[in-house]
Amino acid sequence: MHVLYFHQYFYTPRGAGGIRSYEFARQLIARGHQVTMVCVRDERDPLDLPGPVDSPVRRGVVDGINIIQFNLAYSNHQSLTQRTLVFLRYAFRGIGLALRMDYDLLFATSTPLTAGIPGIFAHYFRRKPFVFEVRDLWPELPRAMGVVTNPLILTAMSFLEWLSYRAATACVGLSPGIGEGIVRRSRPGQPIAMIPNAADLEIFQPGRREDLRLEGVPPNQFVAVFTGAHGMANGLDAVLDAAAELKRRGRRDIVLAFIGDGKLKPGLIQRAQREGLDNCRFYNPMPKKQLNLVISCADAGLMTLADVPAFYYGTSPNKFFDYLAAGLPVLNNYPGWLADLIQQHRCGVVVPPRNPAAFADALCRLADNPAERREFGRQARQLAESKFAREQLATRFVDWLEAVQARRLPAGLQKFA
């Protein structure tokens, strides 16, 4: 079958972003299917496509994947209004493809929620199978965070969410909470698969501490890394609070490394400078393979989010699975399904939210107990291999799409084993 795949922020392993869609598309191709990926241009992964980079649309083939790339400037430094306009322009251009192109199944992955709009048109105007993948529950999360407060906008988003689920032949959720959220808003018996983010076992592999490639970090210091977006959702002020607590305790042997970008990054850097938090180091985003040279050789991975109950079971962060694959102990500062996994499989430490002392205690514990740290890391890699291997989950994904196409779907939420 030919899958028309909508992912606004598509990355390959050469870029500095999640590669779920890349790996899933590659697995579809390996099984004999054709994939056309619809995305926007992103400087963090300048795809090698023919034609001028400023062309309105560029087309080409990357690693066997047909690419249609819209030249729509996007940055998470933009205002909410600016980003919304980009989301809508992408969606409306996508409608044209959904109505004109020859394909067998349309797959769309959010965020943003507007990514599902071409699928709605494909379903109602062409009766095409439409699979909607939900990475975050909208508008539940922005409402809970206070990012969107206008009741008219929230109502419109809620209607779009409801319509996307109703139009979808089937859905994919990335976490238990997302799956349950789809159940609440979709039609009775809606086929839903829970397929979380995955561990890239070949890219991320355990390394040696002495091989750490992180500028300005001496080999005798304990290094805890955070990788990914520096935004409101990530709650990184909690890490700086812990850094201040470590300074008060005189623990100069612990370094907190932030790798990535986001709207709040400049403010975080300014706060660290203002408060003299020289135990916090900030680095630019890195491609996956370069990132492995840091993660695999660090001492712990930081899994932090803002203390918003909707996050507890409603997110599936890439960084968590990268840490597992690299055999890195995980320090988590919020309850939920990832905290449950960490405790059940003894692959890290869970601390309560909004508690800098407990956060600092956990960092000191990991720094002072290398044997326990190694055991946590061994268990992390084992969990990645047994439950979250990319190939295993990509196979499940392709099986699900083939079942959609063949109209042999089980009803209800298929929970992740």
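The values are calculated or read from the model by the stated rules, or taken from the named source; none is laboratory data. This one's a predicted model, so the numbers in the text were calculated from it and none came from an experiment. As a convention, Cβ positions derive from the backbone with ideal geometry for all residues, glycine included, and neighbour counts pool all protein chains shown. Accessible surface areas use protein heavy atoms only, side chains included; no ligands, DNA or RNA. Shrake-Rupley method; radii C 1.70, N 1.55, O 1.52, S 1.80 Å.
Calculated FRET efficiency, Gln221 to Asp307, Cβ-Cβ distance, R0 = 22 Å: about 0.15 to the nearest 0.05.
Bridging of Lys289 to lysines at a Cα separation below 26 Å is possible for Lys263, Lys265, Lys319, Lys387, once same-chain residues fewer than 8 apart are set aside. Counted by Cβ distance under 12 Å from Met145, the other residues give a net charge of -2, where Lys and Arg count +1 and Asp and Glu count -1.
Between Arg407 and Leu163, the distance separating the two model label sites (each 7 Å from Cα on the Cα→Cβ line) works out to 2.6 nm. Over region 146-199, Cα pairs under 8 Å with separation of 6+ residues give a relative contact order of 33 percent. Here the simple spin-label model places points 7 Å from the Cα toward Cβ, and for Arg127 and Arg44 these points are separated by 4.1 nm. A cut-off of 5 Å between modelled amide H atoms, ignoring neighbours fewer than 5 places along the same chain, links Asp136 with Thr111. Within the accessible surface of the chain, defined with a 1.4 Å probe on protein heavy atoms only, the carbon and sulfur portion equals 52 percent. When +1 charges are put on Lys and Arg Cβ atoms and -1 charges on Asp and Glu Cβ atoms, the dipole computed for the chain relative to its Cα centre reaches about 680 debye.
Ranked by the mean number of other Cβ atoms within 10 Å of their residues, highest first, the peptides 152-165, 342-355, 320-333 fall in the order 320-333, 342-355, 152-165. With viscosity 1.306 mPa s and temperature 10 °C, the Kirkwood radius over alpha carbon pairs of the chain converts through Stokes-Einstein to a diffusion coefficient of 72 µm²/s. Contact order, relative form, for the chain: 16 percent (alpha carbon pairs under 8 Å, 6 or more residues apart, mean separation divided by residue count). Test of understanding: what is the full-extension gain from Arg374 to Ser386, defined as 0.36 nm times their sequence separation minus their Cα-Cα distance? Result: 2.5 nm gained on full extension. Compared with the alpha-carbon gap, the fully stretched path from Ala156 to Gln270 is longer by 37.4 nm at 0.36 nm per residue. Of all DSSP beta bridges confined to the chain, the antiparallel ones make up roughly 10%.
Taking amide H as placed 1.01 Å from N in the peptide plane, the amide H of His2 sits under 5 Å from that of Gln34, Asp104, Leu105, each at least 5 places away or on another chain.
I'd like the trypsin sites (Lys or Arg not before Pro) in region 188-243 restricted to DSSP loop residues with at most 10 other Cβ atoms within 10 Å, sorted by number. Here the trypsin sites (Lys or Arg not before Pro) that fit, given the DSSP loop and packing criteria, are Arg208.
Taking 0.36 nm per residue of separation and subtracting the Cα-Cα distance, full extension of the segment from Ala30 to Asp211 would add 61.7 nm. For the chain, the solvent-accessible area of protein heavy atoms averages 40 Å² per residue (probe radius 1.4 Å; ligands and nucleic acids excluded). In this view, the solvent-accessible surface of Lys128, computed with a 1.4 Å probe and all protein chains in place, comes to about 40 Å².
Here each label is just a point 7 Å from Cα along the line to Cβ, and for Thr84 and Arg252 those points are 5.0 nm apart. Only DSSP H runs of four or more residues enter the estimate; each adds -39500 (n - 2.57), and after division by the residues of the chain the mean residue ellipticity at 222 nm equals -13000 deg cm²/dmol. The tail of the calculated P(r) for region 174-291, taken as Cα-Cα distances beyond 25 Å, holds 42 percent of the pairs.
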